[in-house]
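Here the structure comes first, spelled out in structure tokens, and everything after it is commentary.
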Amino acid sequence: ASATIFGMYGPDSDWIFFLTDGNRFRARADQLGFTLGNDTIKGTFGFRNKGFGGQFGKMLNTTDGVNYNFNPTISMGLGYTSSLISVGVGYNATIGSQRWTKYNGKAEGKKTEAVAHTPVLVLNAMDNAFRMAIPIQVVNLADKRENGDKSRFTAVSLDAQFRYYTGLDFLPQIRLYLRYGNITVMKLLKEARKIKAHLQKLLDLILDYGLAQWLKKLRLIL
């Protein structure tokens, strides 16, 4: 069995090469990682930063403030390979490019980075002629203000890629990209909850009064 070494993979369809790459080690200013395995089992672990790094490289850039752009992603994966079918799973944890203020029920908030979680499914078949990678990135942010107001932000992103290598000179490969994104923002204000509670009480009183009047009329009929 031969040991295979390769770089790591980002939070997108870079994973489509995971099951076929080997015999290399990658160390750059924006990337450091490896894959170890044999002809059957392989695993990967590494770091990568896709933010703008300037002239000194992305890993060396520590700019903060509005243009805070040191947003590395940590990846790990495990795969099974064979000529008939190969399958692998991966995971990325990516730090966001911009900081946000989180209060946690306090008057003063603290700057923090959002973390995106990306599970990945990769599959090769037909002696690697067919390849696919399906990463699903999820971000979920929740916070509470001192006055009781609550907010939640949820984002889901899909960046799937499918490839078929035909072996033909005039059409060497066919690619299909599937991309989808959805963002949900929900705010629950304390004052709005109070108003809703008052309206519910008023509605209950109206229903109770209507029921009493109906019973009174029913007694008169009987």
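For Gly33, neighbours were defined as the other residues whose beta-carbon sits under 9 Å from its Cβ, and their charges (Lys and Arg +1, Asp and Glu -1) total +2.
Sorting 171-178, 150-157 by average packing, meaning the other beta carbons within 10 Å per residue, from highest down gives 150-157, 171-178.
Net charge in the neighbourhood of Gly77 (other residues with Cβ under 12 Å of its Cβ; Lys, Arg +1, Asp, Glu -1) is -1. Take 162-170, 82-90 and order them by the average number of nearby Cβ atoms within 10 Å per residue, most first; the result is 82-90, 162-170.
Compute the distance in nm between two label points, each set 7 Å from the Cα along the Cα-to-Cβ direction, one at Trp100 and one at Arg26. In this crude spin-label approximation the distance works out to 2.9 nm.
All of the numbers you see were taken from the coordinates with simple rules; none came from a lab. Everything quoted here is computed from the prediction, not taken from an experiment. Positions of Cβ are backbone-derived with ideal geometry, glycine not excepted, and every protein chain shown enters the neighbour counts.
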